[in-house]
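Any read-out appearing in this document is the output of simple, stated calculations on the displayed coordinates, not a laboratory observation. Predicted model, so just to flag it, every value in this text is computed and none were measured. Reconstructed Cβ throughout: ideal geometry from the backbone, glycine too, with neighbour counts over all protein chains shown.
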Amino acid sequence: MFEQLISESLQEAKKELDEFIQKPETVSVIASAAEMMAACLARGGKVLSCGNGGSLCDATHFAEELTGRYRNDRRPYPAMSCNDSAYLTCTANDFSYEEVFSRWVEAFGKEGDVLLAITTSGTSANVVKAAEMARQAGVKVIALTSEGCSPISHLSDICIAAPKAAHSDRIQEIHIKVIHILIQTIEKILGH
């Protein structure tokens, strides 16, 4: 009954992934991001991550894999995502929703740290403000977004852009693949 819908959805996801893989810069930009994060962690810094909705889930997944275990037992790497609901609602209420991530970066980001800023559109105001605050604090910014000229791409040191898609779920599917590759590569660089 739903076989055609399922088949078409899988083919669409495969098409997006194939397009991403075929971009000449894909491998080198992901490698550069992993190297930047690994160098930060090797120096004793930390990796911060933020995003909205499903992107916050991805940011949290990224941080928990770094602090926990991905594929191998190893020491935990210092990483955190802005996912505390009490903090988010307090800051949104007392200031604005646009400031929830920037205030968090201001509180926890130190020079030499890295922020993984995830926004499928590249225009999420609170993620953009977080990147702006990171730049002011000397925190490097890696954007995980979609193709196109956007505020987050201009603020990032490294921009990993999934192909534009009609719906954000296809972009998020590329993002989670990139997140897993980043973790795997960081572990390899750091000798685990």
**Asked** For the range 10-28, how many residues meet the condition of being surrounded by fewer than 16 Cβ atoms within 10 Å (Cβ to Cβ) and either within 15 Å of the chain's Cα centre (by Cα) or within 23 Å of Lys188 (Cα to Cα) (or both)?
**Response** 5
**Prompt:** Given the conditions (1) surrounded by 21 or more Cβ atoms within 10 Å (Cβ to Cβ); (2) in contact with a Leu (Cβ under 8 Å, 6 or more places away or on another chain), which single one is not true for Arg135?
**Reply:** (1)
**Prompt:** Residues of the range 32-48 being of a type in the set (D, E, K, R), touching a Gly at 6+ places or on another chain (Cβ under 9 Å) and surrounded by fewer than 18 Cβ atoms within 10 Å (Cβ to Cβ), which ones?
**Reply:** Arg43
**Leading residue by the ranking (surrounded by the fewest Cβ atoms within 10 Å (Cβ to Cβ)) among those in the range 49-108 that are among the hydroxyl-bearing types (Ser, Thr, Tyr) and in contact (Cβ under 8 Å) with a residue 24 or more places away in the chain** = Tyr97
**Message:** Quick check on this structure: which one of Ser49, Ser55 is outside any helix (DSSP H, G or I), hydroxyl-bearing (Ser, Thr, Tyr) and within 17 Å of Lys129 (Cβ to Cβ)?
**Reply:** Ser49
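Scan the range 33-42 and tell me whether some residue there is out of contact with any Phe, Trp or Tyr (no Cβ under 8 Å at 6 or more places or on another chain) and not in a helix (DSSP H, G or I).
Keep residues of the range 33-42 that are out of contact with any Phe, Trp or Tyr (no Cβ under 8 Å at 6 or more places or on another chain), which gives 33-40, 42.
Going one step further and asking which of them are not in a helix (DSSP H, G or I), we end up with none.
The answer is no, given that none of the residues of the range 33-42 is out of contact with any Phe, Trp or Tyr (no Cβ under 8 Å at 6 or more places or on another chain) and not in a helix (DSSP H, G or I).
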